[in-house]
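The values are calculated or read from the model by the stated rules, or taken from the named source; none is laboratory data. Quick caveat: nothing in here was measured; it's all calculated off a predicted structure. As a convention, Cβ positions derive from the backbone with ideal geometry for all residues, glycine included, and neighbour counts pool all protein chains shown.
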């Protein structure tokens, strides 16, 4: 199969290498991979990304995961930074809103939460949102995630080992035993901390879970 995540994350690496090395081959490759994902794996209705396509049959796996959207949001924001082309910024904004619509849900009496599975996928979505925030002032997507992990700190950890539940709302342990689940939380908290230090006007670290409609 040809996977969205592999292609999109390869583009991310190439763009970051281009920013450092200024070698045109990195930018050329990143644009080609970006264009392929956008043309073949983007759901034109909800602006999310399908998971993969079979090389043998052409059949598409229509599953949607946070890391596919996150990688492409980050790529679009990076391409806008590098080229100044407003079309890339428009892509990033549309896909950010699409991901928020697809991957968050309302939890009764608690507010809005990101998907209850695979926090390490959602860590990649956060990378995309953080990259976009460097060129767009809207912090609503990040604010919700910050509120989620703040809530998880108090309400979604095992009482003895303090491991995080897979579901940040605290309703389901999920694969708390997975190292990937726990490592993802380390990355998420670290990235949020760095973001807040760079954006001191972003408000208090602990935010309300009820975010305004976007």
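Could you please find all residues in region 92-112 being more than 12 Å from the chain's Cα centre (by Cα) and modelled with pLDDT of 95 or more? Of everything in region 92-112, those that are more than 12 Å from the chain's Cα centre (by Cα) and modelled with pLDDT of 95 or more turn out to be 93, 94, 101.
Of the candidates 135, 124, the single residue that is outside any helix (DSSP H, G or I), closer than 23 Å to residue 13 by Cβ and in contact (Cβ under 8 Å) with a residue 40 or more places away in the chain is 135. Of the residues making up region 142-164, those that are surrounded by 15 or more Cβ atoms within 10 Å (Cβ to Cβ) and in a loop (DSSP other than H, G, I, E, B) are 156, 163.
Of everything listed in (1) in a loop (DSSP other than H, G, I, E, B); (2) free of Cβ contacts under 8 Å to residues at least 60 places away in the same chain; (3) surrounded by fewer than 16 Cβ atoms within 10 Å (Cβ to Cβ), the single unmet condition for residue 171 is (2).
Of all the residues in region 1-14, those that are modelled with pLDDT of 95 or more and over 17 Å from the mean Cα position of the chain (by Cα) number 1.
Could you count how many residues in region 65-89 are over 12 Å from the mean Cα position of the chain (by Cα) and either closer than 27 Å to residue 188 by Cβ or surrounded by 22 or more Cβ atoms within 10 Å (Cβ to Cβ) (or both)?
Residues flagged as over 12 Å from the mean Cα position of the chain (by Cα) and either closer than 27 Å to residue 188 by Cβ or surrounded by 22 or more Cβ atoms within 10 Å (Cβ to Cβ) (or both) within region 65-89 amount to 9.
Looking at region 32-58 only, could you name the residues that are under 18 Å from residue 18 (Cβ atoms) and surrounded by 19 or more Cβ atoms within 10 Å (Cβ to Cβ)? Across region 32-58, the qualifying residues are 33, 34, 37.
Residue under question is residue 124, and the condition is that it be closer than 26 Å to residue 28 by Cα and within 15 Å of the chain's Cα centre (by Cα); does it hold? Spelling it out, residue 124 is indeed closer than 26 Å to residue 28 by Cα and within 15 Å of the chain's Cα centre (by Cα). At pLDDT 95 or above, on the phi < 0 side of the Ramachandran plot and out of contact with any strand residue (DSSP E or B) (no Cβ under 9 Å at 6 or more places or on another chain): is that true of residue 61 in this structure? Here the answer is no, as residue 61 does not meet what is asked. Going through region 174-201 one residue at a time, which ones are out of contact with any strand residue (DSSP E or B) (no Cβ under 7 Å at 6 or more places or on another chain), part of a loop (DSSP other than H, G, I, E, B) and on the phi < 0 side of the Ramachandran plot? Once the filter is applied, which keeps residues that are out of contact with any strand residue (DSSP E or B) (no Cβ under 7 Å at 6 or more places or on another chain), part of a loop (DSSP other than H, G, I, E, B) and on the phi < 0 side of the Ramachandran plot, region 174-201 yields 175, 177, 178, 199.
Please determine, by comparing only the residues of region 66-114 that are out of contact with any helix residue (DSSP H, G or I) (no Cβ under 6 Å at 6 or more places or on another chain), free of Cβ contacts under 8 Å to residues at least 40 places away in the same chain and part of a helix (DSSP H, G or I), which one is nearest to residue 140 (Cα to Cα).
90
With the structure loaded, tell me whether residue 61 is without any contact (Cβ under 8 Å) to a residue 12 or more places away in the chain and part of a strand (DSSP E or B) or whether it fails that test. The answer is no for residue 61.
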